[in-house]
1. Determine whether Leu414 is within 30 Å of Glu380 (Cα to Cα), part of a strand (DSSP E or B) and either of a type in the set (A, V, I, L, M, F, W, C) or out of contact with any Asp or Glu (no Cβ under 6 Å at 6 or more places or on another chain) (or both).
2. With (1) more than 23 Å from Ser478 (Cα to Cα); (2) over 24 Å from the mean Cα position of the chain (by Cα); (3) surrounded by fewer than 21 Cβ atoms within 10 Å (Cβ to Cβ) as the list, and Arg440 as the residue in question, which single condition is left unmet?
3. List the number of the failed condition for Leu387; all other conditions in (1) farther than 19 Å from Arg452 by Cα; (2) open to solvent by less than 10 Å² (accessible area, probe 1.4 Å) hold.
4. Kindly establish whether Thr136 is of a type in the set (Ser, Thr, Tyr), over 23 Å from the mean Cα position of the chain (by Cα) and either under 21 Å from Gly334 (Cβ atoms) or surrounded by fewer than 18 Cβ atoms within 10 Å (Cβ to Cβ) (or both).
5. Restricting attention to region 459-472, does a residue exist that is among the acidic types (Asp, Glu), in a loop (DSSP other than H, G, I, E, B) and at pLDDT 95 or above?
6. Would you check if Glu86 is more than 21 Å from Ala333 (Cα to Cα), open to solvent by 40 Å² or more (accessible area, probe 1.4 Å), part of a loop (DSSP other than H, G, I, E, B) and among the charged types (D, E, K, R)?
7. Just one of the numbered conditions (1) in contact with a His (Cβ under 9 Å, 6 or more places away or on another chain); (2) open to solvent by less than 10 Å² (accessible area, probe 1.4 Å); (3) assigned to a helix (DSSP H, G or I) is not true of Ser60; which one?
8. Taking region 443-458 as the region of interest, how many residues are of a type in the set (Ser, Thr, Tyr) and either open to solvent by less than 10 Å² (accessible area, probe 1.4 Å) or assigned to a strand (DSSP E or B) (or both)?
Amino acid sequence: MAANDLPRKEEKVEQDTDAGENEIDLMQLLLPDGSLNNDHQNFSLSFNRSALKGWVKQGSPVCAASSLAGAWNTVWHLERTAAKAESQHTMLDVLRDIVREMQRKAEESIARTLLVDDMAAVLSLIKARVEKQGKTVGGRKDEGATPADCTHELKQHCVELVLANPQAPETEAERLAQAPKEIGMPENVFASLIDAWELHSKEQARAFSAKLDADKAARDAKKAEKERLKQLAVAANASRNTTPVGAPPPATQDGGGGQPQADGPRAAIAALNPEIDEDEEDKELEEDDDNEEEEVLISDVPVGKKTARKPGGKKKAAGAADAKKNLAQLVNAGLSAWLRPSIGLAKLEREPHPSTGAIGNWGLIKAIQKMNERLPAEAESVSIRTLLSRCGTTVHKVKATDPPDVVATQWYSLCNQFDRPNSCVIFHHTNHYSLIFALRSWLPAGSDMPIRQVLTARKGQRPNTWYDFNECRAIVASWGGYKLLHVSRPQQNQPASDANADQPDGGVVRE
């Protein structure tokens, strides 16, 4: 029985329940214990009614598309049933178009490097080979082939072609002893790859194959160790600091400067083994809500365009160093840049449950830009920017060690932006994107340490979980990809200088 014919485990799909979107008890949802009959002091609450009316159900692991649709509906005050409202399906189409364009550009680039134009044959070959290994291009979790898996199979195919060729010299010495042949245009893409990887003899092919196997064994060992640490981290974080709707509020932290564990294994993995360093902003790890990805899938930086800087030196384009790269390095880089959007597109087109597992913050930004292009000329453009992040361009940089006064400033800034008309906030948290629907804070009786919470969705898009703000910060501080993103369009008669104000005294929420 072929590996891909083996019976599969029952698939669990991350999606919203069948309950209607409007089946929400606002008082139970928004108030602590569902009422104001408590001893809380200085209680304040702010909720986004447009977000509550505009969020859309998530029917598969497509949190990026669903949260984008909800955000777009919110800033335009569109109820989800309105004719012009967006859905996960319309936003999926936008994301697919973006990734197709990335794939096309990468395909053109590598085709120029190889002097061929037949990458469709390469992708078909890769799909056929990984399926024999029980995986698929665009598959879920362990069933999905990674870029490394795809490259491995492509290289092994080229090795097999050389070893099966009766005209290929046995050793490099034999090849060098042969009379030089006239060099013509490559016959096909595989001949071009064989030439780029210098598989000129069977001896070279065998050595190349042995190194491929050794590299794969090293990757498998690293993955196994990472999974072991992840399971330890999951066990360590079994007690979460989230408050489901209707549950008692969590214990207070130390006034805002506490150090709760992030919701997820990433920070704990790093603590258990510093050698496994999780990616920063420029190496974005894209995880979807079905926890598919454990590596970079798509980077929005074209090959040869990334900048590099030597210590004490000036920035320079890495393209200047490309001239020093040999053909094999250029081909490997080009294949990587092409495989990532190819796999990402396969995930987005996967039936019956597409996935946005390859889409990160860059994808949300590009999708907003695409949506703006479709607006009438007289319409205001929608913008998206980062409010809280541990790195990169952001209004506030979050550190686990931030003192209480800095945490308070971050909270009031979030409140300020949340309360602006025609706007909403998307929370990129552990393996998930979702809207923030409400903010609340209060002082427990007899305490001067405020409780601050945000209402979002831990799974799916339905508002159902109150996160303590300290836990939100811990998540954001645990990895450069996790952020709070502010989506907005200009207010009528709003001074331009006030459009992005984020002073802590500018909001209507008070403690």
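The values are calculated or read from the model by the stated rules, or taken from the named source; none is laboratory data. For clarity, every value in this text was computed on a predicted model and none was experimentally measured. In this analysis, Cβ positions are derived from the backbone assuming ideal geometry, glycine residues included, and neighbour counts consider all displayed protein chains. Each accessible area value is taken on the protein alone, full model and side chains, heavy atoms only, with ligands, DNA and RNA left out. Shrake-Rupley method; radii C 1.70, N 1.55, O 1.52, S 1.80 Å.
1. No; evaluated as a whole, the condition is false for this residue.
2. Checking Arg440 against (1) more than 23 Å from Ser478 (Cα to Cα); (2) over 24 Å from the mean Cα position of the chain (by Cα); (3) surrounded by fewer than 21 Cβ atoms within 10 Å (Cβ to Cβ), the one that fails is (3).
3. The single condition Leu387 does not satisfy is (1).
4. On the way: of a type in the set (Ser, Thr, Tyr): yes; over 23 Å from the mean Cα position of the chain (by Cα): no; either under 21 Å from Gly334 (Cβ atoms) or surrounded by fewer than 18 Cβ atoms within 10 Å (Cβ to Cβ) (or both): yes.
Answer is no for this residue.
5. No: zero hits.
6. no
7. (3)
8. Matching residues across region 443-458 total 1.
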